[in-house]
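Enquirer: Mind looking over this structure? Questions follow.
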């Protein structure tokens, strides 16, 4: 996507972006700020968050650095308190995630636990802690959004991807079910399933065959960028509040 000029289409919105230290999370934070939202940046790497926040503020936006661990309930509760000065949160993007791949027979249970904790439990904790603010924003007559970053892996099958794909399938179905509770209350839920995006998430992969396959795919086609996904998110949440793009699948044109 081509970057749009800075606008005020999201002026007055208060956004929380998890996984904001890099990749799609960082790009989303920058784009939302460009559109006028005040953005709280959540991730574990405070130094990386500071760098993203500096880019936002230098461009005239508003960003708050909030080091937090989405897998930790107390950490997320403390994060919600720190964000309070920005105002009522009405936009949550669950961008935190990992991609730890390995053959199931290897039994890398520590990686399995990390994948489930970050990709699924972290999403649940994030939504839960900000749900009261989202509900308040909707009740006050404004837009309120949850955007869950799932993956085309939610429906794909591939060797060594079992746990990763399982967590993304869970996020996608979580999103669909949350709409039955959130939609009637005026809170939109968007489940976003990107195809191959060239981000540092690929650096998490230490299974050699999987890494070789992914790198080959990236080199063989024009893949998506983190900015592409960020602009799609910004477009989605800027729609009139009675319109909910509930399921968005975005692929590189050449990805089968």
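Conditions (1) closer than 23 Å to residue 28 by Cα; (2) surrounded by 21 or more Cβ atoms within 10 Å (Cβ to Cβ), marked per residue:
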| position | (1), (2) |
| --- | --- |
| 90 | yes, yes |
| 95 | yes, yes |
| 101 | no, yes |
| 104 | no, no |
| 115 | yes, yes |
| 120 | yes, no |
| 131 | yes, no |
| 134 | yes, yes |
| 149 | yes, yes |
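Enquirer: Given the criterion surrounded by 16 or more Cβ atoms within 10 Å (Cβ to Cβ) and under 21 Å from the mean Cα position of the chain (by Cα), identify the matching residue among 228, 203, 207. If you could, list the steps in order and put the result at the bottom.
Expert: Details: 203 fails: surrounded by 16 or more Cβ atoms within 10 Å (Cβ to Cβ); 207 fails: under 21 Å from the mean Cα position of the chain (by Cα).
Just a single option satisfies the conditions, and that option is 228.
Enquirer: Still on this structure, please answer the following. Given the options 154, 162, 136, name the one that is under 18 Å from the mean Cα position of the chain (by Cα) and farther than 15 Å from residue 201 by Cβ.
Expert: Working: 162 fails: under 18 Å from the mean Cα position of the chain (by Cα); 136 fails: under 18 Å from the mean Cα position of the chain (by Cα).
Just a single option satisfies the conditions, and that option is 154.
Enquirer: Hey, among 87, 97, 60, which residue is touching a residue at least 40 places away in the same chain (Cβ under 8 Å) and within 24 Å of residue 167 (Cα to Cα)? Please lay out each step first, then the result.
Expert: Details: 87 fails: within 24 Å of residue 167 (Cα to Cα); 60 fails: within 24 Å of residue 167 (Cα to Cα).
Result: 97 is the single residue among 87, 97, 60 that is touching a residue at least 40 places away in the same chain (Cβ under 8 Å) and within 24 Å of residue 167 (Cα to Cα).
Enquirer: Which condition number does residue 168 fail, the rest of (1) out of contact with any strand residue (DSSP E or B) (no Cβ under 6 Å at 6 or more places or on another chain); (2) farther than 19 Å from residue 101 by Cβ; (3) surrounded by 22 or more Cβ atoms within 10 Å (Cβ to Cβ) being met?
Expert: For residue 168, the exception is condition (2).
Enquirer: Please go through (1) without any contact (Cβ under 8 Å) to a residue 60 or more places away in the chain; (2) within 30 Å of residue 165 (Cβ to Cβ); (3) out of contact with any strand residue (DSSP E or B) (no Cβ under 6 Å at 6 or more places or on another chain) for residue 81 and return the number of the only condition it doesn't satisfy.
Expert: (2)
Enquirer: Then there is this: Regarding the range 159-180, can at least one residue be identified that is in contact (Cβ under 8 Å) with a residue 12 or more places away in the chain and closer than 20 Å to residue 32 by Cβ?
Expert: Within the range 159-180, one or more residues are in contact (Cβ under 8 Å) with a residue 12 or more places away in the chain and closer than 20 Å to residue 32 by Cβ.
Since every read-out is calculated from the coordinates, none of them should be taken as a lab result. Owing to the predicted nature of the structure, the values given are computational and were not obtained by experimental measurement. Neighbour counts are summed over all protein chains in view; Cβ atoms, including those assigned to glycine, are modelled from backbone coordinates with ideal geometry.
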